[in-house]
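Remarks on the structure that follows.
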Amino acid sequence: MNFLVIGLSYRTAPVELRERLGFPSEDLAGVLRSITALPKVSEAMILSTCNRVELYAASQDPAASGERLQRFMAQYHGLDEEQLRPHLYIHSGRDAVRHLFRVASSLDSMILGEPQILGQLKQAYGLAEASCTAGPVFNRLLPRAFVAAKRVRSETAIAQHAVSVSYAAVELARKIFGELAGKSCMIVGAGKMCELAARHLAGQQLGEVLVTNRTLARAQDLAEKFGGRAVPFAEFPLYLDQADIVLTSTAAGLLLTRSRLEQIIRRRKNRPMFLIDIAVPRNVDPQANQIDNLYLYDIDDLNGVIETNLRERRKAAKKAEEIIEQEILRFYGWLRSLEAAPMIVALRQQVEEIRRRETEKTLGALQHLDAADRRAVEALTRAIVNKVLHSPLSVLRRAGDDITGEIYLEAVRRLFDLDPAPKTAAAQQTESEDTPKQDIVL
């Protein structure tokens, strides 16, 4: 059984095409069952987001299945296959596993280290389980991908540096105040940027949140979302001395001059004040940065912080790639252990059959032996077989953990001319006994 992925992402296709290829959530269960109805496709999962559309499958014939899945994707969305082909990537085997692990760990995301993709992947796997299109391969592979993603986030700094304007503003505020809990905040403007920043700030246990906008109703809507209070736009400067943090993002041009902010700082008795001006054109006079205890950052300052943080995330990504390779080895070790189990059974059966035939032939020529002597001969031949097989079987049992396991398995197959049948109950028992417990419970 092999694993493959076919899809496209922001790297290979424009948004216009990605929009056309998205799978509606209400159709996904039926689509998954249609995929597993394709020849030699036994398992299926769909990951459909704004930045990628990917079909994952387990197949006995990945090359043929890749073509079928490409045709299925084109036909489902009413597209010409040749129009779609240049934008698609197809990975199988180890390359497909590596791709999945990198996607789960957000190493393939537009924003390196973003956390949303892992949740989206878990939802995709959950739907495949609910639709009965996830089987033994997915049920081992997806949990392993989640383990890899968790290790990347906990063992590297890939998610520890802000790479969005709104979150960079919060990170800077935390550096200035040390702790944001209890700090008051004023948001000037009710657009998308302000709302995003407010969402990040909302998790910091702020004190009072004031919101103002030229349209009071919009200010009230935003204030209600975050448990704040709306104030009239014409009067907001009167409230500024109450705000430790001020975020501005309006199209109103210059709103706060240096002289006005000097008055506000005096009213605050020189307590620190942090201003984030992400408006273009700017809402705050840049000369205000010369005022003691006032810290002003504009959009360029924040973009500089973001670029620095992206460089840090790229450094962390190098270690993350090493973790991915470690987890790939673990997964393939498990796959080899699955192959080793039927190989062990087949080898034992072959040698036992030889022992039985030769023992019967020998005992047939020794008619003078009594029952006790015959049992002794049987015991002797079994003991010889067990001792001869002990070492090679021990090596095969460790094949799942040994990077050379594939070589050993292939050597045994050729030396003894074995063709292991699909796993029997005995083989499954061998697998259960030989696979390390930490590789079973994920």
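A few points about this structure:
Okay, residues lined up against (1) among the small types (Gly, Ala, Ser); (2) in contact with a strand residue (DSSP E or B) (Cβ under 8 Å, 6 or more places away or on another chain):
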| residue | (1), (2) |
| --- | --- |
| Gln83 | no, no |
| Asp95 | no, no |
| Val103 | no, yes |
| Ser109 | yes, no |
| Thr133 | no, yes |
| Val147 | no, no |
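- Filter pass, Gly135 being on the phi > 0 side of the Ramachandran plot, open to solvent by less than 30 Å² (accessible area, probe 1.4 Å) and not hydroxyl-bearing (Ser, Thr, Tyr): no
- Residue that is of a type in the set (A, V, I, L, M) and touching a Ser or Thr at 6+ places or on another chain (Cβ under 9 Å), where the choices are Leu240, Leu275: Leu275
- Criterion applied to Thr49, Thr12, Thr36 was being out of contact with any helix residue (DSSP H, G or I) (no Cβ under 6 Å at 6 or more places or on another chain), surrounded by 14 or more Cβ atoms within 10 Å (Cβ to Cβ) and of a type in the set (S, T, N, Q), and the one residue passing it is Thr36.
- When Leu247 is tested against (1) within 14 Å of Ser184 (Cα to Cα); (2) aliphatic (A, V, I, L, M); (3) under 35 Å from the mean Cα position of the chain (by Cα); (4) in a helix (DSSP H, G or I), just one condition goes unmet, and that condition is (4).
- Within the stretch 285-305, residues that are closer than 20 Å to Ser166 by Cα have Cβ atoms under 6 Å from residues that are at pLDDT below 95 and among the basic types (Lys, Arg) in these pairs: Asp298/Arg282, counting only partners at least 6 apart in sequence or on another chain.
- From the options Leu107, Leu121, residue that is within 23 Å of Phe23 (Cβ to Cβ) and within 14 Å of the chain's Cα centre (by Cα): Leu121
- Qualifying positions in the stretch 192-208 - surrounded by fewer than 22 Cβ atoms within 10 Å (Cβ to Cβ) and under 18 Å from Tyr295 (Cβ atoms): His200, Gln204, Leu206
- Filtering the stretch 298-349 to residues that are acidic (Asp, Glu), assigned to a helix (DSSP H, G or I) and modelled with pLDDT of 80 or more leaves Asp300, Asp301, Glu307, Glu312, Glu321, Glu322, Glu325, Glu327.
- Residue list for the stretch 197-230, restricted to those being touching a residue at least 24 places away in the same chain (Cβ under 8 Å) and among the aliphatic types (A, V, I, L, M): Ala197, Ala198, Leu201, Ala202, Leu206, Val209, Leu210, Val211, Ala219, Leu222
- In the stretch 209-219 there is no residue that is open to solvent by less than 40 Å² (accessible area, probe 1.4 Å) and out of contact with any helix residue (DSSP H, G or I) (no Cβ under 9 Å at 6 or more places or on another chain).
- Listed by position, the helices (runs of 4 or more DSSP H) enclosed by the stretch 161-244 that each have at least 2 residues that are over 19 Å from Leu302 (Cβ atoms) and modelled with pLDDT of 90 or more are 216-225.
- Residues that are closer than 24 Å to Leu256 by Cα and under 27 Å from the mean Cα position of the chain (by Cα) were ranked within the stretch 152-191; the one that is most open to solvent (accessible area, probe 1.4 Å) is Tyr167.
- Annotation: of all residues in the stretch 83-106 being part of a helix (DSSP H, G or I) and of a type in the set (A, V, I, L, M), the one that is surrounded by the fewest Cβ atoms within 10 Å (Cβ to Cβ) is Leu84.
- Within the stretch 350-370, at least one residue is in contact with an Asp or Glu (Cβ under 9 Å, 6 or more places away or on another chain), outside any helix (DSSP H, G or I) and either open to solvent by less than 40 Å² (accessible area, probe 1.4 Å) or modelled with pLDDT of 90 or more (or both).
- Scanning the stretch 264-306 for residues that are closer than 24 Å to Leu180 by Cα, over 42 Å from the mean Cα position of the chain (by Cα) and of a type outside the set (D, E, K, R) yields Ile264, Ile265, Asn270, Ala288, Gln290, Ile291, Asn293.
- Residue match in the stretch 22-43 (condition: modelled with pLDDT of 95 or more, under 20 Å from the mean Cα position of the chain (by Cα) and within 25 Å of Phe101 (Cβ to Cβ)): yes
- Count of the stretch 283-293 residues, restricted to those that are within 22 Å of Lys269 (Cβ to Cβ) and crowded, with 21+ Cβ neighbours inside 10 Å, is 2.
- Per the conditions (1) touching a residue at least 24 places away in the same chain (Cβ under 8 Å); (2) open to solvent by 70 Å² or more (accessible area, probe 1.4 Å); (3) farther than 17 Å from Glu114 by Cα, the sole criterion not satisfied by Lys319 is (3).
The values are calculated or read from the model by the stated rules, or taken from the named source; none is laboratory data. What you see is a predicted model, and the numbers here were worked out from it, not measured in a lab. Quick reminder, even Gly has a Cβ in these numbers, built from the backbone with ideal geometry, and neighbours come from all protein chains shown. Remember, those area values only see protein heavy atoms, side chains included, never the ligands or the DNA or RNA. Shrake-Rupley method; radii C 1.70, N 1.55, O 1.52, S 1.80 Å.
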